[in-house]
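The values are calculated or read from the model by the stated rules, or taken from the named source; none is laboratory data. Values in this document were obtained by computation on a predicted structure and should not be read as measured data. Counting neighbours? That spans all protein chains shown, and the Cβs are built from the backbone with ideal geometry, glycine included. For accessibility, only protein heavy atoms count, side chains too; no ligands or nucleic acids. Shrake-Rupley method; radii C 1.70, N 1.55, O 1.52, S 1.80 Å.
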Number of protein chains: 2
Amino acid sequence: MDGSTTTQTVGIVTPRIAKFTEPVALKCGAVIDEYELVYEAYGTLNRERSNAVLVCHALNASHHAAGVYADDPTDVGWWDNMIGPGKPVDTNRFFVIGVNNLGGCHGSTGPKSINPRTGKPWGGQFPVVTVEDWVATQARLADHLGIRQFAAVMGGSLGAMQALTWTIKYPERLRHALVIACTPSLSAQNIAFNEVARQAIITDPDFHGGDYYAHGTTPKRGLRVARMVGHITYLSDDEMASKFGRQLKYGKLAYSFDTEFEIESYLRYQGNKFAEYFDANTYLRITKVLDYFDPAFEHGGDLVRALAPAKASFLVISFTTDWRFSPERSREIVTALLDNRCDVTYAEIEAPHGHDAFLLDDVRYHRLVTAYFDRIGAETAADAGTGILHHGSKAAA
Amino acid sequence: MDGSTTTQTVGIVTPRIAKFTEPVALKCGAVIDEYELVYEAYGTLNRERSNAVLVCHALNASHHAAGVYADDPTDVGWWDNMIGPGKPVDTNRFFVIGVNNLGGCHGSTGPKSINPRTGKPWGGQFPVVTVEDWVATQARLADHLGIRQFAAVMGGSLGAMQALTWTIKYPERLRHALVIACTPSLSAQNIAFNEVARQAIITDPDFHGGDYYAHGTTPKRGLRVARMVGHITYLSDDEMASKFGRQLKYGKLAYSFDTEFEIESYLRYQGNKFAEYFDANTYLRITKVLDYFDPAFEHGGDLVRALAPAKASFLVISFTTDWRFSPERSREIVTALLDNRCDVTYAEIEAPHGHDAFLLDDVRYHRLVTAYFDRIGAETAADAGTGILHHGSKAAA
């Protein structure tokens with residue numbers, strides 16, 4: 001806890017595939033007859049099966065949350081600084097699961113997959129999914145792994161929306177939720193940025209209504225612009241200023257449309273990289289997942305009522321410079337949880353990095369998560385076999 | 001001043017064209033042999049030619065700042081709420097000039113124009129222009145009109161950058177500068193948004209390296225996305241929230257990629273409208289004009305030294321919710337002007353509308369401009385014939 005513990009990587013990891021043959025009815029009305037979810041697991045599930053932690057990924061990440069692959073030691077998991085032996089989510093004590101969500105492009109069934117009804121890739125026909133759908137399919141994965149109740153479900157950003165939804169849909173199936181850099185719903189501005197990204201992709205002539213696989217094309221131009229605009233919203237204005245400012249790429253002005261400023265170079269690089277590996281249909285759907293997330297919607301806008309089923313204990317964390325999902329929005333969640341007499345710990349971390357801070361190696365942030373999991377550890381030892389849930393006390397926020 | 005004055009429109013206006021045959025050497029190194037500027041004028045130039053006000057346009061506006069056209073009474077000038085008889089810039093007292101800048105697409109020489117050296121449209125060969133180039137060509141227009149010294153040069157956003165540059169490049173040629181919703185230079189984030197817009201246009205297959213006129217195409221898809229992303233930055237988050245929030249377009253969710261939320265509908269509409277009338281090559285260049293604006297750059301980043309030549313009196317105005325060019329950036333200008341012992345009036349208007357507030361009909365904002373021009377009026381009567389410049393006193397900021 002004081003940082004003296006030696007931390008290590010979980011080492012070489014191997015993705016596994018879980019196949020589900022029971023149809024899943026999605027919120028949009030579509031039914032997927034069968035599907036696969038690719039996942040990874042780190043650490044050891046204890047005899048009581050009480051030490052499992054589900055890590056939910058955000059926009060462009062995947063099941064590969066920690067460790068590296070044998071055939072590519074440079075492909076480090078996206079939350080490797082958070083998960084591992086001696087790390088905040090300590091794999092010496094917890095059995096940690098990362099899963100690629102339905103509709104993804106990293107191995108789980110998604111738009112690139114073959115639709116068994118047609119024998120062709122789903123493409124534009126792959127349904128619009130939601131956070132609720134993801135959580136429902138994650139619950140089936142938990143069943144598949146024999147996990148009745150998670151010690152914790154956690155995530156940042158879109159991942160946090162999944163953790164929050166777990167507490168509403170399956171209140172008995174998790175003891176703790178870590179809701180990091182979250183919002184109770186996207187603002188008009190958030191949706192607006194997503195819509196720009198979608199329109200860039202959809203109007204790319206190589207998109208072909210989402211059936212670009214059949215045309216042998218990829219809407220890379222659209223994906224590139226989509227990623228560039230997204231990236232701006234992940235960083236704070238200040239972080240961009242200190243990282244790039246008005247630094248010139250080549251020392252002097254060229255007065256041309258080539259790269260003039262460092263920030264242009266950075267964005268183009270990020271856009272190009274993303275367009276090479278990410279599937280456009282998945283990106284479109286994930287932006288919709290974000291737009292649709294709004295647990296209060298079905299309760300007349302009342303977030304308190306929406307969160308009424310929640311029984312978990314909560315760690316809610318926001319970052320001061322996050323202008324995408326600002327601390328103000330996290331406080332809405334905290335207030336609604338407290339109104340439900342939930343056990344909530346809330347921290348606003350002063351971090352310069354904007355929304356992306358949840359992914360970064362901030363010592364106060366990581367110590368906080370470490371301390372929180374230490375507490376889970378104690379309780380696990382005491383309560384694991386009894387099924388006693390730790391909730392209902394109105395803790396300090 | 002108390003709002004009791006009857007305000008009217010300037011009525012039907014007619015654009016005029018000024019032709020310049022003396023070559024202009026641009027900052028980028030290119031030379032334009034001859035060019036035309038289209039402009040409009042409202043009110044009457046007095047005998048002393050001392051009551052002229054130059055209105056500089058921002059990103060997508062033009063010379064058409066006030067009034068309507070005989071053949072289209074719905075085409076109202078972009079700053080008609082500011083300029084007219086009895087309005088803040090009172091055409092009963094001032095001779096107000098609006099001019100379309102070089103490189104524009106509303107009648108002045110620009111990428112759509114024929115390059116006399118080739119007999120074909122300039123297209124992608126039209127040079128990159130800067131605020132300094134614009135101000136230099138505006139000064140020639142002033143010569144053409146026999147105006148030695150403006151009573152005021154004014155503008156909002158990019159228009160304000162021109163007003164500020166006038167005070168540096170031609171300090172003797174204006175008595176007042178109205179610098180509204182300005183910044184001393186674009187931030188990395190500002191440049192990043194511009195770069196997204198440019199990349200959307202440049203990578204549109206219909207762009208053809210800027211020579212789309214020859215191909216009979218228009219990069220409408222790119223322009224549309226560019227305008228959408230720009231539009232987000234003109235409005236405040238709060239304004240978007242109160243105007244659109246999460247309102248659904250058709251009352252219920254469709255779970256499709258059609259318009260789901262009102263904000264999507266609004267952005268698509270704005271994007272489509274813009275793509276119909278605006279020239280992509282002009283848009284690209286105007287975003288570069290913004291990026292390059294940085295008067296301190298040639299003075300080792302010292303804005304105080306950059307503004308040292310200024311002799312004008314200043315009215316600097318910012319808007320509290322403007323996150324594009326925040327009040328903080330206007331205060332940098334004010335501080336540098338005060339360090340030069342300039343006469344500065346500064347106001348931070350509490351307005352919910354974000355950057356676009358400078359275009360809107362806010363009563364406090366307009367009363368402030370009215371009061372400022374009343375002061376110009378008094379001074380004009382006293383000093384017009386004497387050439388006495390009103391500067392050097394360190395006024396309250």
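Odds and ends about this structure:
- Accessible surface comparison of B:ARG47, A:ARG49, A:ARG117, B:ARG324, probe 1.4 Å, protein chains only, largest first: the order is B:ARG47, A:ARG117, A:ARG49, B:ARG324.
- Of all lysines in the structure, the ones whose alpha carbon falls short of 23 Å from that of B:LYS169, not counting any fewer than 8 places away in one chain, are A:LYS252, B:LYS19, B:LYS27, B:LYS288, B:LYS311, B:LYS394.
- Centre separation in Å (Cα based) which lies between the range A:277-313 and the range B:172-222: 35
- Convex hull volume of the Cα atoms of chain A, normalised per residue: 151 Å³.
- Annotation for the B:A interface, with buried accessible surface near 4700 Å², both sides summed [1.4 Å probe; non-protein components not counted].
- Among complete DSSP H helices in chain A, those whose alpha-carbon atoms stretch at least 27 Å along the helix's long axis and whose mean Kyte-Doolittle hydropathy reaches -1.0 are A:363-383.
- When A:ARG305, B:ARG173, A:ARG93 are compared by accessible area at a 1.4 angstrom probe, the order from most to least is A:ARG305, A:ARG93, B:ARG173.
- A:THR320 label point (Cα plus 7 Å toward Cβ) to equivalent points in the other copies: 2.2 nm, shortest first.
- Using the 1.4 Å probe convention, the accessible area of the protein assembly as shown works out to 37 Å² per residue with neighbouring protein chains retained.
- For chain B, a crude dipole built from +1 on the beta carbon of Lys and Arg and -1 on the beta carbon of Asp and Glu, taken about the Cα centre, is about 420 debye to the nearest 20.
- Nearest-first distances (nm) between copies at A:ALA308, label 7 Å from Cα via Cβ: 7.1
- Per residue Cα convex hull volume in Å³ - calculated over the range B:63-164: 142
- Ratio Rg/Rh, restricted to the range A:99-143 and using Cα atoms, in which Rh is the Kirkwood radius: 0.99
- Dipole check for the range B:168-242: with +1 at the C-beta of Lys and Arg, -1 at the C-beta of Asp and Glu, and the Cα centre as origin, the magnitude is about 280 Debye.
- Distances between equivalent label points of A:TYR269 across the copies, with each point positioned 7 Å along Cα→Cβ, amount to 4.2 nm, shortest listed first.
- Counted charge near A:SER62, where neighbours are those whose Cβ lies closer than 12 Å (Asp, Glu -1; Lys, Arg +1): -3
- P(r) histogram, all alpha-carbon pairs of the protein assembly as shown included - 10 Å bins from 0, percent: 3, 13, 21, 22, 17, 12, 8, 4, 1, 0
- Ranking A:TYR39, A:TYR255, A:ASN81 by Cα position along the charge dipole of chain A, where only Lys, Arg, Asp and Glu carry charges on their C-beta atoms, puts A:TYR39 farthest toward the positive end.
- For the range B:148-292, the dipole from Cβ point charges (+1 on Lys and Arg, -1 on Asp and Glu) about the Cα centre works out to 400 debye, to the nearest 20.
- Across the alpha-carbon set of the range A:140-273, the Rg to Rh ratio works out to 1.11, Rh being the Kirkwood radius.
- Of the accessible area of chain A, computed with a 1.4 Å probe over protein heavy atoms only, carbon and sulfur atoms account for 50 percent.
- Most mobile of B:LEU178, B:LEU37, B:LEU145 in a GNM of chain B (Cα contacts under 10 Å): B:LEU145
- Taking every C-alpha pair closer than 8 Å and separated by at least 6 residues, the mean separation divided by the residue count of the range A:140-199 gives a relative contact order of 32 percent.
- Spatial separation of Cα centroids for the range B:55-78 and the range A:31-90, in angstrom: 58
- Whole-number D in µm² s⁻¹ for the range B:3-103, Kirkwood Cα-pair radius fed into Stokes-Einstein, 4 °C, 1.567 mPa s: 88
- The range A:237-311: C-alpha gyration tensor shape, a/c 1.5 cut-off, then a/b vs b/c: prolate
- Relative contact order of the range B:67-155, pairs being alpha-carbon contacts under 8 Å that are 6 or more residues apart, as %: 13
- With DNA, RNA and ligands ignored, accessible area of A:PHE257 (1.4 Å probe; Å², nearest 10): 50
- Summary value for chain B: 17 percent relative contact order, contacts being C-alpha pairs under 8 angstrom separated by 6+ residues.
- Residue-level accessible surface for A:TRP134, protein heavy atoms, 1.4 Å, Å²: 0
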